[in-house]
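The values are calculated or read from the model by the stated rules, or taken from the named source; none is laboratory data. Quantities reported herein were computed from a predicted structural model and do not represent experimental measurements. Quick reminder, even Gly has a Cβ in these numbers, built from the backbone with ideal geometry, and neighbours come from all protein chains shown.
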Amino acid sequence: MEEPGDDRYDFWISLGSDELQHVGHCKFHNSTCDLLPPNSIRERHPDWSVYMAERLVKCKTLLANWEEERQIALVEGRFKVGTRLELLDRQASDSVRPARVIQQLGRRICVRVSSQDVDTKDLGDDSAQTKTGIWCDESWELIFPVGWGKQNGWKVVANAQYRQHCEQITSALAQGRKPDYMPFDAMPEIFAWYKNEEEGAESTEKNLKQNKAEWEVGMKFECLDPLNETFLELKVATCIEILKDGYLKVGFDGPDMETEAVPFHCTSPYLFPIHYAKKYGIKLDGPLDDMRNFCWEKYIKQSQGSAAPDDLFDKVPSPNEMEEFKIGSKLEATDQCESNLICPATVRAVRGRLLQIHFDGWGNDYDQLFDYRSRDLFPLGWCEMYGYKLEIPQNDELLSARKKK
């Protein structure tokens with residue numbers, strides 16, 4: 001556009017859109033498309049072919065193989081299709097099962113329990129984990145390197161061959177030897193918490209021992225439960241055991257603390273100091289029937305525990321940094337209860353370093369809390385760019401029919 005007022009025709013388009021083509025595309029595909037001016041300016045020039053040849057001959061444009069280059073940029077990630085890892089059983093959090101990556105879109109992977117490594121009788125009836133697969137970010141809390149379960153005393157639900165493989169890995173690590181991983185095994189180096197010595201950082205063990213030394217069994221804190229039916233509350237939690245590689249065995253205070261414990265890495269954004277929920281207006285769930293008058297100091301004294309120091313947790317960013325997430329701004333967000341779904345969403349509230357995200361078309365009870373750096377939050381156009389289905393906002397009729405898990 002070249003005349004005053006033409007900017008009213010400007011519009012935004014995602015760089016990943018299939019509708020975006022390099023200059024010259026129509027010439028090379030003249031049998032399937034024509035290059036035409038918009039109707040609103042068609043009468044400005046008698047011969048548009050001459051005009052465009054003069055104007056476009058020296059212009060900068062996308063690469064001719066833009067679609068191929070874009071695809072390469074989109075699919076890069078730590079995990080590849082076929083990678084084997086260990087997946088926490090959502091129905092029995094004291095167990096892990098070997099799983100495989102069956103699809104990959106950049107950082108986002110679809111993981112399914114591996115029928116090659118698990119006996120049929122142990123597959124269970126979790127259709128998401130064993131049949132369709134679960135979509136997640138490569139930094140998800142519930143996936144681990146091959147051998148992690150055996151090394152940390154978690155129950156490994158797998159066939160004899162896989163369990164023997166894990167025993168060999170654990171034995172090698174205990175003896176200071178490099179384990180004989182299979183080419184498709186997810187090794188610790190793949191995971192975000194691992195510090196690669198070749199990049200000039202300290203080794204994993206040395207770096208993480210500094211954190212482990214500060215964590216102690218019995219320390220109490222607040223936690224966002226990744227296995228909960230809602231992501232709109234924090235829970236009273238306790239460090240039950242210090243595991244290897246900076247992991248913690250975390251129990252949620254109550255009668256099922258031990259049986260429903262969950263492993264977290266000490267760097268997890270799901271961990272918070274005591275009083276966080278009260279300070280930022282978040283519901284706190286815990287061991288008392290009535291949590292309205294819950295007092296952390298009194299509870300810690302009664303339970304003979306101790307509060308985990310604030311230094312062990314991620315800091316709340318400055319107000320200036322959090323201003324980037326303005327109330328009412330739009331984005332695309334994963335439903336953390338059904339992680340296969342990505343939905344249109346709105347920033348409803350900022351609660352420290354947590355964002356309260358509202359799923360458009362759903363009631364406020366379905367809001368969820370996300371860390372402000374969460375890889376389950378996406379800019380507008382992410383689904384279009386990656387070819388992933390974006391759910392439509394629900395209407396009242398569909399909303400009333402949905403049952404929360």
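Check segment 341-356 and report whether any residue there is assigned to a loop (DSSP other than H, G, I, E, B) and among the hydrophobic types (A, V, I, L, M, F, W, C).
Yes, there is a match, as at least one residue in segment 341-356 is assigned to a loop (DSSP other than H, G, I, E, B) and among the hydrophobic types (A, V, I, L, M, F, W, C).
When you scan segment 296-309, do you find a residue that is part of a loop (DSSP other than H, G, I, E, B), under 30 Å from THR346 (Cα atoms) and either in contact with an Asp or Glu (Cβ under 8 Å, 6 or more places away or on another chain) or not hydrophobic (A, V, I, L, M, F, W, C) (or both), even just one?
no
Under 9 Å by Cβ, and 6 or more places apart or on different chains, what pairs join a residue from segment 172-200 that is among the hydroxyl-bearing types (Ser, Thr, Tyr) with one that is part of a helix (DSSP H, G or I) and modelled with pLDDT of 85 or more?
What qualifies is TYR181/HIS165; TYR181/ILE169; TYR194/PRO188; TYR194/ASP245.
Residues that are at pLDDT below 95 and more than 22 Å from TRP135 (Cβ to Cβ): does segment 372-395 have at least one?
Looking for residues that are at pLDDT below 95 and more than 22 Å from TRP135 (Cβ to Cβ), one finds at least one in segment 372-395, hence yes.
So, LEU123, is that one among the hydrophobic types (A, V, I, L, M, F, W, C), closer than 20 Å to CYS337 by Cα and not assigned by TED's automatic domain parsing to the domain that holds ASP256 or not?
no
Answer with yes or no whether GLU258 is modelled with pLDDT of 95 or more and closer than 20 Å to SER93 by Cα.
Here the answer is no, as GLU258 does not meet what is asked.
What's the total number of residues in segment 185-204 that are at pLDDT 85 or above and assigned to a helix (DSSP H, G or I)?
Adding up the residues that qualify gives 3.
Being charged (D, E, K, R), at pLDDT below 75, surrounded by fewer than 12 Cβ atoms within 10 Å (Cβ to Cβ) and out of contact with any His (no Cβ under 8 Å at 6 or more places or on another chain) narrows it down to one residue among ASP18, ASP47; which is it?
ASP18
Restricting the first residue to segment 344-357 and requiring it to be at negative phi and surrounded by fewer than 18 Cβ atoms within 10 Å (Cβ to Cβ), which pairs with a second residue that is in a strand (DSSP E or B) and charged (D, E, K, R) meet a Cβ separation below 6 Å and a spacing of at least six or different chains?
THR346/LYS330
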